[in-house]
Every structure is written in C-alpha cells, then in structure tokens.
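This report refers to the structure that appears directly beneath it.
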Amino acid sequence: MVGAGGFLGAVLRYLIGFIPTGESTVFPIKTFLINVFGCLAIGAITIAAAKNTQIDPKRILFMKVGLCGGFTTFSTFALETTNLMKDGHMGIAFAYAMLSIVVGCAVIFGIEYILEI
C-alpha cells in the first residue's frame, strides 16, 4: 500500500512540474505549493482517521506515508534552498525556507482546527 501510494504521489509530483506558471521569479513556487498542499492533505487524512476508526489502516498508510510521502518534496525543497543560497539569493532562500515551514505547519494546524469543529 505504501509503495502504491508512493508511486502515485511521485507521478503526480512529476506531472505538476509540467504545469506552466509563468514564473518570473527565482522563488520555487511549484515546490512550495506542492508542500503546502501535502500538508493540507496529511492534516485532513490524520483527522479523518482519528474521527473514523473504521478506516482500514492500510488505506491510511497508502494516503499518509505513500501518497503524501511520494508527493511532497523535502529533498527538492532542500536542494532548491541550497541552490538559491549558492546563487547569491540569500533573502529569497531564507524567505522560501521560513515560508515553507510556517505555512506548512499553519495549514496542518488550520485543517485540524476546521475539521474538529
């Protein structure tokens, strides 16, 4: 289940790379949005699993570890941040790193709050 989810997540991640965004900045917007969406998804899956104990644990593994793990891109995030620093874009690298962490955590907190209501 984890492998199947990982395959699907990785393919989705790869295909999103082809979406034209008209990026005119060096900020890696696709990776940022993928990671934010992944945080939203894993937060929602976690709450759904906690609220419904009837969900098959294999489905939870498929979605959380497989799909979200294959879809989100921490290694790409780290590489892009490092490349921004090496290219002299220290401010953008710092903003990207901080925004990714803060927005990612805020999205999970927010979705858990919304779904708890």
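Let's see how each residue does on (1) surrounded by 19 or more Cβ atoms within 10 Å (Cβ to Cβ); (2) modelled with pLDDT of 95 or more:
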| site | (1), (2) |
| --- | --- |
| Gly17 | no, no |
| Ser24 | no, no |
| Lys30 | no, no |
| Cys39 | yes, no |
| Ala49 | no, no |
| Met90 | no, yes |
| Ala97 | no, yes |
| Val102 | no, yes |
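Restricting to the stretch 67-88, count the residues that are under 15 Å from Lys30 (Cα atoms) and surrounded by fewer than 16 Cβ atoms within 10 Å (Cβ to Cβ). Residues flagged as under 15 Å from Lys30 (Cα atoms) and surrounded by fewer than 16 Cβ atoms within 10 Å (Cβ to Cβ) within the stretch 67-88 amount to 4. Just checking, does the stretch 59-73 include any residue being at pLDDT below 90 and under 14 Å from the mean Cα position of the chain (by Cα)? Looking through the stretch 59-73, at least one residue is at pLDDT below 90 and under 14 Å from the mean Cα position of the chain (by Cα).
The values are calculated or read from the model by the stated rules, or taken from the named source; none is laboratory data. On a predicted model such as this, the values are computed, not experimentally measured, just so you know. We place every Cβ from the backbone using ideal geometry, glycine too, and count neighbours over all the protein chains shown.
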